[in-house]
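Below is one structure; the comments refer to it alone.
The values are calculated or read from the model by the stated rules, or taken from the named source; none is laboratory data. Predicted model only: the values in this text are computed from it and were never measured. We place every Cβ from the backbone using ideal geometry, glycine too, and count neighbours over all the protein chains shown. Side chains are part of the model used for accessible areas, which takes the heavy atoms of the whole protein and leaves out ligands, DNA and RNA. Shrake-Rupley method; radii C 1.70, N 1.55, O 1.52, S 1.80 Å.
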Protein chains: 2
Amino acid sequence: MTNLIAGLRAEGRRLTRPRKAILDVLEKSKYPLSAADVHARLKREQVAVDLVTVYRTLAVLKKLGLIAQVELGEGQFRYESRHGREHHHHIRCRGCGRIADLMLCPLKKLTALVERETRFTVEEHSLEFFGWCPKCQ
Amino acid sequence: MTNLIAGLRAEGRRLTRPRKAILDVLEKSKYPLSAADVHARLKREQVAVDLVTVYRTLAVLKKLGLIAQVELGEGQFRYESRHGREHHHHIRCRGCGRIADLMLCPLKKLTALVERETRFTVEEHSLEFFGWCPKCQ
DNA sequence: CTCTTAATTGCAACTTGTTTGCATTTACCA
DNA sequence: TGGTAAATGCAAACAAGTTGCAATTAAGAG
């Protein structure tokens, strides 16, 4: 939340109720949420925020680096808070859609190798697994 | 192409001109293509196939395991042929959108670890890098 | 504390990517 | 060489995400 205030201020942006509420929803979630998910949870909490505002706020939070965008083969984006959470990855069940965190990342060395080989500058990577959870096997 | 015929036949499906043409477009491409990309290339080659047929064919080819679906943070799917190509990953430039192959994958051991820790069965993974290519840096 | 103003929001409409329904066409086996 | 189920094209629907604009509001200036 401190990061939110500082980040917004640094860009001449404002701290609003929707922004606090949306970041709060993401911080409370155990797995990444779509814009529609966030919107639904806000409604459940009696916080009236338009879906469009959710989209716009997610874009802002992403630009501030407070949340990460995740793709899990669903044709939509999900977002998760970065606050107090280590860099990590996910696995998604092809049966029930359950998403679990994988608290690991073996890509430090590989990233250096990729930069050397491709001459790209690497800014980010995504690593996701897909399979079947115990219940769905 | 042999795989296409065999795979289709095994499911009581048919070998058609659109299917051949679409697989051919994917096999010729150096990077993964979206449905719209495939459609545009077919048109350029004077092959009249509806975009809907492209979508349906991509679904079939994917189910047959002849092509792989790729997500590169664009809000759309891309597809690439698997024929004669080793398992690999990609890097995409945030400036110009250029996509390059990364002919490497260090995830064998990690996959085993993930399966042990999560008790999921891992069927697939995605690993993509994002950054800036030499021209855009 | 109030005023001013630019940032933010909500609503409606739109765009883009993808899917579905259905009548017509076509691959392929008897 | 048909007959028949599979595949296609077209129109329409759907879903995720974006844009334009008038109304609202955060927050610094006075």
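When B:Lys43 is tested against the conditions (1) assigned to a helix (DSSP H, G or I); (2) of a type outside the set (S, T, N, Q); (3) within 20 Å of B:Glu74 (Cα to Cα), the lone failure is (3).
For (1) without any contact (Cβ under 8 Å) to a residue 40 or more places away in the chain; (2) among the polar types (S, T, N, Q); (3) within 22 Å of A:His89 (Cα to Cα), each residue gets a yes or a no:
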| position | (1), (2), (3) |
| --- | --- |
| B:Tyr79 | no, no, no |
| B:His83 | no, no, no |
| B:Glu86 | yes, no, no |
| B:Ile91 | no, no, yes |
| B:Arg94 | no, no, yes |
| B:Asp101 | no, no, yes |
| B:Cys105 | yes, no, yes |
| B:Lys109 | yes, no, yes |
| B:Phe129 | no, no, yes |
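For beta carbons closer than 8 Å, sequence separation of 6+ or different chains, a first residue in segment B:1-21 that is farther than 18 Å from B:Val49 by Cα and β-branched (Val, Ile, Thr) and a second that is within 9 Å of DNA strand D (Cβ to nearest atom) and outside any helix (DSSP H, G or I), the qualifying pairs are B:Ile5/B:Leu15. Only one of the listed residues (A:Glu128, A:Glu80, A:Glu86, A:Glu45) is more than 9 Å from chain B (Cβ to nearest Cβ) and open to solvent by less than 60 Å² (accessible area, probe 1.4 Å). That residue is A:Glu80. Residues that are away from DNA strand C (no atom under 12 Å from the Cβ), open to solvent by less than 60 Å² (accessible area, probe 1.4 Å) and in a loop (DSSP other than H, G, I, E, B) occur at least once in segment B:54-65. Do the conditions hold for B:Gln137, that is, is it outside the structural domain of B:Met1 (by TED's automatic domain parsing), open to solvent by 20 Å² or more (accessible area, probe 1.4 Å) and polar (S, T, N, Q)? The answer is yes for B:Gln137. The lone criterion from (1) within 18 Å of A:Gln137 (Cα to Cα); (2) within 7 Å of chain A (Cβ to nearest Cβ); (3) in a helix (DSSP H, G or I) left unmet by B:Thr111 is number (2).
Among the residues of segment B:4-42, those that are touching a Leu at 6+ places or on another chain (Cβ under 6 Å) and surrounded by fewer than 16 Cβ atoms within 10 Å (Cβ to Cβ) comprise B:Ile5, B:Leu15.
In summary, B:Asn3 fulfils each of the numbered conditions (1) assigned to a loop (DSSP other than H, G, I, E, B); (2) within 16 Å of DNA strand D (Cβ to nearest atom); (3) modelled with pLDDT under 95 with the single exception of condition (1).
Take the conditions closer than 17 Å to B:Gly75 by Cβ and in contact with a His (Cβ under 6 Å, 6 or more places away or on another chain) and apply them to A:Leu51. Does it pass? Steps first, answer last, please.
Details: closer than 17 Å to B:Gly75 by Cβ: yes; in contact with a His (Cβ under 6 Å, 6 or more places away or on another chain): yes.
It is true that A:Leu51 is closer than 17 Å to B:Gly75 by Cβ and in contact with a His (Cβ under 6 Å, 6 or more places away or on another chain).
When B:Arg119, B:Arg94 are checked against the criterion of being within 16 Å of DNA strand D (Cβ to nearest atom), not polar (S, T, N, Q) and not assigned by TED's automatic domain parsing to the domain that holds B:Arg13, a single residue qualifies: B:Arg94.
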